[in-house]
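K.L.:
Following this message is one structure expressed as structure tokens.
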Amino acid sequence: MLGRSDLAISKGSDEQDIVRAATELVDNGKWHLTEGGVGLERPFKFKTFKATWAFMNDVAEECQRQKHHPEWANVYSRTEIRWTTHSPKGMSAKDTHMARFCDEAAQRHGEQYPKQAETKTEGGPVVEAGDCCGHTHTKPDGG
């Protein structure tokens, strides 16, 4: 269970609602607090690039309705999403709403749970895409 001291809550937000919603998202084991507790982040993995893109399109449509955008990165079948409110800075109800929306959209698009080594799209380990382009990639030494 998260406490108020774990989160940097956006000014004007209902603190009890944010703590409760963030706790639910983190306790299910998929979402993690960003550094300083200003937001939520998590990786998503799908079977194909097409499924990943469809998921991202669904999220983008909801972003337009909510007038709120993520920080995200995509590599082939993986997407890393971070929700935080920039003004006023901190976590808001829009962040927790969009995190729940992402979970629901991921389920609709056939999310596959990433292995630990595949959970970062930027600055983390490189995960080869396999046969995403119709052929298997090999290393110069034949491996």
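K.L.:
Would you pull out the residues with amide H under 5 Å of ILE9's amide H, same chain only if 5 or more places away, H placed 1.01 Å from N?
P.N.:
Amide H to amide H, under 5 Å and 5 or more residues apart or across chains, ILE9 pairs with MET91.
K.L.:
On to the next question. Quick one: which of LYS67/LYS89; LYS67/LYS94; LYS30/LYS50; LYS11/LYS89 span more than 18 angstrom between C-alpha atoms? Walk me through the intermediate numbers first.
P.N.:
On the way: LYS67/LYS89 16 Å; LYS67/LYS94 9 Å; LYS30/LYS50 22 Å; LYS11/LYS89 7 Å.
Checking Cα-Cα distances, LYS30/LYS50 exceed 18 Å.
K.L.:
How are the C-alpha pair distances of the range 4-118 spread across 10 Å bins, as whole percents from the shortest bin up?
P.N.:
With 10 Å bins starting at 0, P(r) equals 14, 48, 30, 7, 0.
K.L.:
Order these peptides, 80-87, 91-98, by their mean beta-carbon neighbour count within 10 angstrom, highest first.
P.N.:
91-98, 80-87
K.L.:
Fewest to most neighbouring Cβ within 10 Å: what's the order for ASP17, ASP103? Spell out each step's value before the answer.
P.N.:
On the way: ASP17 13, ASP103 17.
By the 10 Å Cβ count, ascending, the order reads ASP17, ASP103.
K.L.:
Given contacts defined as C-alpha pairs under 8 Å and at least six residues apart, what's the relative contact order of the range 4-118, whole-number percent? Mind dumping the intermediate values first?
P.N.:
On the way: 180 pairs, mean separation 39.6, N = 115.
Answer for the range 4-118 is 34 percent.
K.L.:
Projecting each Cα onto the charge dipole of the range 1-72 (Lys/Arg +1, Asp/Glu -1 at the beta carbon, about the Cα centre), which of GLY29, PHE46, LEU7 comes out farthest on the positive side?
P.N.:
PHE46
Only the coordinates and a few stated rules stand behind these numbers; no lab work does. Predicted, not measured: the structure shown is a model, and the values here were computed from it. Heads up, the Cβs are rebuilt from the backbone with ideal geometry, glycines too, and the neighbour counts pull from every protein chain shown.
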